[in-house]
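Reviewing the structure listed below.
The values are calculated or read from the model by the stated rules, or taken from the named source; none is laboratory data. For clarity, every value in this text was computed on a predicted model and none was experimentally measured. Don't worry about glycine lacking a Cβ; one is built from the backbone with ideal geometry, like all the others, and counts go over all protein chains shown. Keep in mind that these areas ignore ligands, DNA and RNA; they rest on the heavy atoms of the full protein, side chains included. Shrake-Rupley method; radii C 1.70, N 1.55, O 1.52, S 1.80 Å.
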Amino acid sequence: MAGLTAAALAAVGFLAFQASASAPDPSAKADKSPSASTSRSPKDKKDPAAVPAQSGTGERVVYSLEDDRVWLVEASGKARQTFKVTPGTVDPAPGTYAVTSRTARVPGTDGVPVENVVIFTLTDGVAIGFSAAVDGSTPKPDPSKKTGGIRQSREQAKAMWEFALRDKKVVVVP
């Protein structure tokens, strides 16, 4: 019995050694050269016009929470337009949505008159969507208020309004 136990322990020890020998060295520097499967993520600042790979396919609006950037993506997968935005204080969860409503002009969740409003979800009772302040401002929102407006310039909001019709896919990436 002792011989079997010793043999089993030796086998487990050998397998553990093999596993640790083939594991990557945590102190080694990562290979920074791109592979064929590597594609742009929202964190890649080298080409902000490149559409995030994890955003799906087809015609869609892509919104990156981390980059505060929007892409209007054509059916071919190429960005028609991309621009920085100023988010509200309430973020939508990453995922795929659809435009649920559009309003030409209304008071924003912060009380500022907004135009070209494109809503795509409701989070914590707050409507989340893209818009432009009528006065053209894009100030940082008051953190003490729940606001869901993702502000753009008036020109960008007009492009969004023309592109993001009702039921248009909106993909939110981290």
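Worth pointing out:
- Residues (β-branched (Val, Ile, Thr) and farther than 9 Å from Val90 by Cβ) located in the range 120-140: Thr121, Val134, Thr138
- Residues of the range 155-174 classified as basic (Lys, Arg) and either under 13 Å from Val112 (Cβ atoms) or within 16 Å of the chain's Cα centre (by Cα) (or both), total: 1
- Restricting the range 124-174 to residues that are surrounded by fewer than 19 Cβ atoms within 10 Å (Cβ to Cβ) and of a type in the set (Lys, Arg), the residue that is farthest from Asp67 (Cα to Cα): Arg166
- Subset of the range 52-74 (residues that are in contact with a Ser or Thr (Cβ under 8 Å, 6 or more places away or on another chain) and closer than 16 Å to Pro174 by Cβ): Pro52, Ala53, Gln54, Gly56, Val62, Asp68, Arg69, Val70, Trp71
- When restricted to residues that are not charged (D, E, K, R) and not in a loop (DSSP other than H, G, I, E, B), the range 105-154 contains 22.
- Selection within the range 50-62 - in contact with a Phe, Trp or Tyr (Cβ under 8 Å, 6 or more places away or on another chain) and assigned to a strand (DSSP E or B): Val61, Val62
- Filtered residues of the range 89-123 (kept if acidic (Asp, Glu) and open to solvent by 60 Å² or more (accessible area, probe 1.4 Å)): Asp91
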